[in-house]
Amino acid sequence: MITGVADASASIETDSENLVGALRLAVEMLREPAFSQEDLDQARQQRIAAIESSRSEPQTLAALEFQRHLSPYPRGDVRYSGTLAEQIEEMKKVTRTM
């Protein structure tokens, strides 16, 4: 399971007779996460640290600017590519809801 600030995706490998059950499990995982608040805080801090460390990586910065140039959508649009500062800002807003 891979998640981002504005998206979530799942990769499922199964046979046809277990597909419905696998899809139900994926939906459950997205709607009812099993992370404790402590686990979420730790994952959030790790992601923020990774973003912070990429601020001095020319390849990361170039790729981000290229993506922002190719997809000049306004902030708030699901297709918008945020700056690293904006990504950190959004990551800090992530909460666990039940």
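The values are calculated or read from the model by the stated rules, or taken from the named source; none is laboratory data. Not measured: the values here are computed from a predicted model. FYI the Cβ positions are ideal-geometry reconstructions off the backbone, even for glycines, and counts take in every protein chain you see.
For the range 23-39, taking the residues that are surrounded by fewer than 11 Cβ atoms within 10 Å (Cβ to Cβ) and acidic (Asp, Glu), the one that is modelled with the lowest pLDDT is identified as GLU32. Residues in the range 76-88 that are assigned to a helix (DSSP H, G or I) and out of contact with any Ser or Thr (no Cβ under 7 Å at 6 or more places or on another chain): ALA85, GLU86, GLN87, ILE88. Residues of the range 60-75 that are surrounded by fewer than 10 Cβ atoms within 10 Å (Cβ to Cβ) and either in a helix (DSSP H, G or I) or under 15 Å from the mean Cα position of the chain (by Cα) (or both): HIS69, LEU70. Output the residues belonging to the range 9-22 that are modelled with pLDDT of 90 or more and out of contact with any Ser or Thr (no Cβ under 9 Å at 6 or more places or on another chain). Passing the criteria: GLU13, THR14, ASP15, SER16, GLU17, ASN18, LEU19, VAL20.
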